[in-house]
Amino acid sequence: MRKTHRMKFAHAKEKLLSGQKTVTRRTAWYHVRPGDLIIATDETGTNELARLKVVSVQDQRIEDITTVDVFREGFTCTKQEFVKWFCKEFKRKPQEFVNRIEFRKVSYL
């Protein structure tokens, strides 16, 4: 059965709205499955931005991000800069696993 989840987008919401951001990395989002819907919200969780459909979910080490995925995350920095930022922002280590969630936009709200 397809589930609907609410997810906050604080760091790259402009890239989400422009369509560049099609991947996100999250900690402890093991309950999301391909086919699930996500209601993307701003950082407060109150303003809905878009409806997204989950395409794939993978466990991946933070340090294993590809250059392509850095761009798909909505960033224009190097892989190393992204890993450093992510680890500092979310208090993680590069070798830790996170959930890589790929999605496509269904509609903007």
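The values are calculated or read from the model by the stated rules, or taken from the named source; none is laboratory data. From a predicted model like this one, the values you see are computed outputs, not experimental measurements. With ideal geometry, Cβ positions are generated from the backbone for all residues, glycine too; neighbour counts draw on all protein chains shown.
Of everything in the range 27-47, what is charged (D, E, K, R) and modelled with pLDDT of 95 or more? Give them in sequence order.
Within the range 27-47, the subset charged (D, E, K, R) is 33, 36, 42-43.
Listed by number, the residues that qualify are R33, D36.
Taking the residues in the range 74-109 that are within 12 Å of the chain's Cα centre (by Cα) and at pLDDT below 95 as candidates, determine which candidate is farthest from D36 (Cα to Cα).
Applying the first criterion (within 12 Å of the chain's Cα centre (by Cα)) to the range 74-109 yields 74-75, 86, 98-104.
From the residues that got through so far, the ones that are at pLDDT below 95 too are 74-75.
Numbers: G74: 22, F75: 25 Å.
Of everything passing the filter in the range 74-109, F75 is farthest from D36 (Cα to Cα).
Of everything in the range 46-67 that's assigned to a loop (DSSP other than H, G, I, E, B) and among the hydroxyl-bearing types (S, T, Y), which residue is farthest from R6 (Cα to Cα)?
Initial filter on the range 46-67 (assigned to a loop (DSSP other than H, G, I, E, B)): 46-47, 65-66.
Cutting the leftovers down to among the hydroxyl-bearing types (S, T, Y) gives us 46, 66.
Details: T46: 10, T66: 26 Å.
That would be T66.
Are there any pairs, at least 6 apart or on different chains, whose C-beta atoms fall under 8 Å, with the first in the range 58-76 and among the small types (G, A, S) and the second part of a helix (DSSP H, G or I), and if so, which?
Pairs that qualify, where the first residue is among the small types (G, A, S) and the partner is part of a helix (DSSP H, G or I), are G74/E14; G74/K15; G74/L16.
Please determine, by comparing only the residues of the range 23-41 that are within 13 Å of the chain's Cα centre (by Cα) and more than 23 Å from Q95 (Cα to Cα), which one is surrounded by the fewest Cβ atoms within 10 Å (Cβ to Cβ).
I39
Yes/no matrix, rows are residues, columns are (1) of a type in the set (V, I, T); (2) in a loop (DSSP other than H, G, I, E, B); (3) on the phi < 0 side of the Ramachandran plot:
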{"residue": "A10", "(1), (2), (3)": "no, yes, yes"}
{"residue": "W29", "(1), (2), (3)": "no, yes, yes"}
{"residue": "I38", "(1), (2), (3)": "yes, no, yes"}
{"residue": "D69", "(1), (2), (3)": "no, no, yes"}
{"residue": "K84", "(1), (2), (3)": "no, no, yes"}
{"residue": "K88", "(1), (2), (3)": "no, no, yes"}
{"residue": "N99", "(1), (2), (3)": "no, no, yes"}
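Identify all residues within the range 12-25 that are in a loop (DSSP other than H, G, I, E, B) and modelled with pLDDT of 95 or more; write none if there are none. Write out each step before concluding.
Looking only at the range 12-25, we keep the residues that are in a loop (DSSP other than H, G, I, E, B), and these are 12, 19-22.
Residues satisfying the conditions are K21, T22.
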